[in-house]
Amino acid sequence: MLAIKELLGSKLKFGLIALAIGLVVSLTMITSAISEGLIRGMSGAKNEIAADAVAFQRDTFPILERSVVSADDIAALAEAPGVARAYGVGHSFATVGSADDAYDARVFGLGDRIDQLPIVEGTGEIGPGEAVADASAAWWGAEVGDTVTLTPTGIELAIVGFTEGRRYVMFPTLWVDLPTWEAIHVATILGRVDGGEDGAAAAERMAAQFAGGASVAALEFEPGVSLAEVQQALGDEFTLATTEDAALAGNGMPEMILAVGGIQVVSVVIGALLVGVFFYITTLHKTAQIAAIKAIGASNAHLYRTLIVQITVLVAVATVIGTALALAAGAGMPPLMAFDPDPARWATAIAAVFGTAYLGSLFSLKSILGIDPATALGRTST
Amino acid sequence: MLEVRDISKRYGSGHTQVVALDSVSFSLDTGRLLAVLGPSGSGKTTLLSLIAGLLTPSSGEIVIDGHAIHLRTAAEAARFRRTTVGIVFQEHHLVHYLTARENLLLVPHLSGRVTREDRTRADELLASFGLTERASHRPALLSGGERQRVAIARALMNAPQIMLVDEPTASLDTDRGLQVVELLKQQVHERKMTCVMVTHDPRMAEHADERLILVDGRVVEESAHAT
């Protein structure tokens, strides 16, 4: 009764502090969504590969762009103890469109499990010269049924469908079969082959080297087999990593995650301090009243329960305000902005704000415990 | 019956020790109103705080109906105040965000649950104090006399055996102060309580059943029942 009555009796005061905490909650949620958006935008393509592990060429982990595995490597990996299946995954740079209206993209080739892409539009049946594009390509004007041209190689790809959550280094991705990827990759590396017969011969040799190869190999393990066991069996020829570890490594990901995480922690701490300091000051202002209530028989536990109820209500209201603000901010952001609200991460952020707010309430508890009910009857010591 | 036996209260130690009460003894029968008079610093408030269990005496005993109440833990003392004692403060200390009726219901709320009987009792008390029309008003909208009457009604909510009243008329003019004291006396007699009222005003003390005057922590004058 006391807790709610007091909140209702001072709507402006408690409303303002709820708004302030709400702003902190929204900041925490927005940074959380940006963090998630950055992670998915930077490495969604790697993270979502259907595999238990990814095998990198020796000494290239975690740089997907530097790794090369040959057809023989993939075959050897498929035969390794504990490995049920291995297939190549190729990565290549690409620029889509004309010089006036071009956008950068990444091309991924899949040697197997080509059905692993979740299709949000069109089809996932990819034939030679066809691609499924990440939905972010639509922001650049791509549509299902379009034929896009990769420059400067001039290779054309027909977009047969859109998938989602598979950007890489913030660029849209184009998913093709491995032979198509090989052609794109070799042409991309060579760029433009001039010089007559020598150039053509070089291109042929390179194409032969890449035949059946890829950038990395995706591995599926037999039941009960661990990554460490397979790594041990393979020796140091390859570096194995889970898709998640591979996704979170390289391209400045650890530093970026640390920076965004730091912002979130600071936001939560500010929220806790806001709650703690607000209720501490409120308790100090109510010293005489608390002393009187103690004098008529209130226990410290009762008064702390009242405080906890108030904090719970206040943070709950702040959560509603913060969520609304974060969603409004997300709705107002441009499509290319890395903003990907994840309910689980938001729930964690809210739980953190609640937890730290309760922690902040300990300041007030200390203050409540220190209030002498005898002071309600006036000064008794001289 | 309230019995205060050879109570002393000292603050500090050594050269800085202050004796707030020095061997104070008296007894008070049920249904009697005792006025405790004395100048500032005479120990009146300390005496009230000791009887309420808000302070622990340095020596001596406080006994209510044969039960010693001076050796309680803080939690026991709080329960004792919730169930046995009614306190009226000098500054009324009504909770500003609660209405007059809610201030009365605060007492059973502190005990854990507000029953229908509690609500009926609160309404009866407000009626007996002429406050029915003011029941839904917050303290800020009540006059000084009304606030003090609400404070007395709140002190009666738990049907206390002991009523402790601290300068109830300090913020009131003489007429309203006398009305409050008469009201208090009437309640003490009707409800068969034991009431100790601290006041610095001899005119108010004249309306009490018994008087006790403290100076420098000692009893210097007492009426019939003081020993």
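The values are calculated or read from the model by the stated rules, or taken from the named source; none is laboratory data. Note that this is a predicted model, so its numbers are computed, not measured. Note that each Cβ is placed from the backbone with ideal geometry, even for glycine, and that neighbours are counted across all protein chains shown. Side chains included, ligands, DNA and RNA excluded: accessible areas come from the protein's heavy atoms. Shrake-Rupley method; radii C 1.70, N 1.55, O 1.52, S 1.80 Å.
Heavy-atom accessible area buried between chains B and A is around 2500 Å² (1.4 Å probe, both sides summed). For the stretch A:140-273, the Cβ-based charge dipole about the Cα centre amounts to some 440 debye (Lys, Arg positive; Asp, Glu negative; other atoms uncharged). In nanometres, what is the gap between the two model label sites at A:ILE263 and A:ALA288, each 7 Å from Cα along Cα-to-Cβ? According to this spin-label approximation, the distance is 4.7 nm. Decide, for the stretch A:138-234, between rounded, prolate and oblate: order the square roots of the alpha carbon gyration tensor eigenvalues as a ≥ b ≥ c, take rounded if a/c falls under 1.5, and otherwise choose prolate if a/b is larger than b/c, else oblate. Note, shape of the stretch A:138-234 comes out oblate.
Rolling a 1.4 Å probe over the protein chains gives B:HIS96 an accessible area of about 100 Å². To the nearest 10 square angstrom, what accessible area does A:SER26 show with a 1.4 Å probe? Roughly 10 Å² of A:SER26 is accessible to a 1.4 Å probe. For chain B, the relative contact order comes to 31 percent (Cα pairs under 8 Å, sequence separation of at least 6). Annotation: the antiparallel percentage among DSSP beta bridges lying fully within chain B is about 50.
Quick one: of the DSSP bridges fully inside the protein assembly as shown, what percent are antiparallel, nearest 5? Before the final figure, lay out each step's value.
Details: 52 of 79 bridges.
If I count the DSSP bridges inside the protein assembly as shown, around 65 percent turn out antiparallel.
From largest to smallest, the equivalent ellipsoid semi-axes obtained for the protein assembly as shown from the alpha-carbon gyration tensor read 85, 24, 18 Å.
Please find the FRET efficiency linking A:SER226 to B:ARG191, where r is the Cβ-Cβ separation and R0 is fixed at 60 Å, and quote it to the nearest 0.05. Working shown, then result.
Numbers: r = 79 Å, r/R0 = 1.32.
It comes out at approximately 0.15.
B:VAL220 contributes about 90 Å² of solvent-accessible surface, heavy atoms of the protein only, 1.4 Å probe.
Axis of helix A:343-370 versus longest Cα principal axis of chain A: the two differ by about 20°, to the nearest ten degrees.
For the pair B:HIS15 and B:HIS207, label points projected 7 Å from Cα toward Cβ lie 4.8 nm apart. The slack between A:ALA324 and A:ALA207, meaning 0.36 nm per residue of separation minus the straight C-alpha distance, is 36.7 nm.
Segment A:PHE93..A:THR149, full-extension length gain: 18.8 nm, with 0.36 nm per residue of separation and the alpha-carbon distance subtracted. Accessible surface of the protein assembly as shown, 1.4 Å probe: 56 percent of it comes from carbon and sulfur atoms. With the charge dipole of the stretch A:13-62 set up from +1 on Lys and Arg Cβ and -1 on Asp and Glu Cβ about the Cα centre, the Cα lying farthest toward the positive end among the listed residues A:GLY44, A:THR28, A:THR60 is that of A:THR28. Rounded to the nearest 0.05, the FRET efficiency derived from the C-beta distance between A:GLU255 and B:SER59 at R0 = 56 Å is 0.20. Taking a ≥ b ≥ c as the square roots of the Cα gyration tensor eigenvalues, with a/c under 1.5 meaning rounded and otherwise prolate when a/b beats b/c, else oblate, which class fits the stretch B:36-110? Oblate, since a/c reaches 1.5 and b/c is not below a/b. Using Cα atoms only, what is the angle between the long axis of helix A:178-190 and the major principal axis of chain A, expressed in degrees (0 to 90) to the nearest 10? It is inclined by approximately 80 degrees.
Tally Lys/Arg at +1 and Asp/Glu at -1 over every other residue whose Cβ is under 11 Å from the Cβ of A:ASP340; what's the total? Spell out each step's value before the answer.
On the way: positive: A:ARG40, A:ARG167, A:ARG345; negative: A:GLU36, A:GLU164, A:ASP342.
Overall, the nearby charge balance is 0.
Across peptide B:89-99, how many C-beta atoms of other chains are within 10 Å of each residue C-beta, on average? If you can, show how the numbers build up before the last one.
Values: counts 8, 3, 5, 1, 9, 2, 8, 5, 8, 5, 2.
Going residue by residue through B:89-99 and averaging, the value is 5.
The listed residues B:THR174, B:THR99, once ranked by accessible area (1.4 Å probe) with the largest placed first, stand as B:THR174, B:THR99. The stretch A:310-382 and the stretch B:166-193 have Cα centres spaced 46 Å apart. Residue by residue along B:198-208, Cβ atoms of other protein chains within 10 Å of the local Cβ number 0 on average. For the protein assembly as shown, the mean residue ellipticity at 222 nm estimated from helices alone is -15000 deg cm²/dmol, where every DSSP H run of n ≥ 4 contributes -39500 (n - 2.57) and the total is divided by all residues, rounded to the nearest 500. Interface burial in the stretch B:124-155 reaches 10 Å² or more for B:ARG138, B:ARG154, comparing the full protein assembly with the chain by itself; accessible area from heavy atoms with a 1.4 Å probe.
Counting heavy atoms of the protein chains only and a 1.4 Å probe, report the per residue accessible area for the protein assembly as shown as a whole number of Å². It would help to have the intermediate numbers written out before the result.
Details: 26600 Å² over 609 residues.
Accessible surface, normalised per residue, equals 44 Å².
With a cap of 15 neighbouring Cβ atoms within 10 Å, and only residues DSSP puts in a loop, list the trypsin sites (Lys or Arg not before Pro) found in the stretch B:187-227. For trypsin sites (Lys or Arg not before Pro) across the stretch B:187-227 that sit outside H, G, I, E and B with at most 15 neighbouring Cβ atoms in 10 Å, the list reads B:LYS192. Magnitude of the charge dipole for the stretch A:12-145, about its Cα centre and with charges confined to Cβ atoms of Lys, Arg (+1) and Asp, Glu (-1), is about 720 debye.
With a Förster radius of 45 Å applied to the beta-carbon distance between B:VAL220 and A:VAL277, the computed FRET efficiency rounds to 0.35. Between the alpha-carbon centres of the stretch B:30-81 and the stretch B:124-149 there is a gap of 28 Å.
Given Cβ point charges of +1 (Lys, Arg) and -1 (Asp, Glu) and nothing else, what value in debye, to the nearest 20, does the dipole of the stretch B:152-220 about its Cα centre take? Don't jump to the answer; show the numbers that get you there.
Details: 8 positive and 11 negative charges, 54 e Å.
It comes to approximately 260 debye.
Per residue of peptide B:106-119, the mean number of Cβ atoms on other chains within 10 Å of the residue Cβ is 2.
With a 1.4 Å probe rolled over the protein heavy atoms of all chains, the accessible area of A:HIS285, B:HIS15 falls in the order B:HIS15, A:HIS285, largest first.
Distance between the 7 Å Cα→Cβ label points at B:THR83 and A:MET333: 5.9 nm.
Counting only residues at least eight positions apart within a chain, or on another chain, the lysines with an alpha carbon under 26 Å from that of A:LYS5 are A:LYS13, A:LYS286, A:LYS294, A:LYS366. Of the peptides A:165-174, A:346-355, the order by per-residue mean of other Cβ atoms within 10 Å, starting with the highest, comes out as A:165-174, A:346-355. Taken along its three principal axes, the alpha carbon spread of the stretch A:15-84 comes to 67, 25, 16 Å, from the longest extent down to the shortest.
Kindly identify the stretch A:68-122 as rounded, prolate or oblate by the Cα gyration tensor criterion: order the square roots of the eigenvalues as a ≥ b ≥ c, call it rounded if a/c is under 1.5, otherwise compare a/b with b/c, prolate if a/b is larger, else oblate. Before the final figure, lay out the partial values.
Working: a/c = 5.27, a/b = 1.93, b/c = 2.74.
Verdict is oblate for the stretch A:68-122.
Sequence gap at least 6, Cα distance under 8 Å: using those rules, report the relative contact order of chain A to the nearest whole percent.
Result for chain A is 30 percent.
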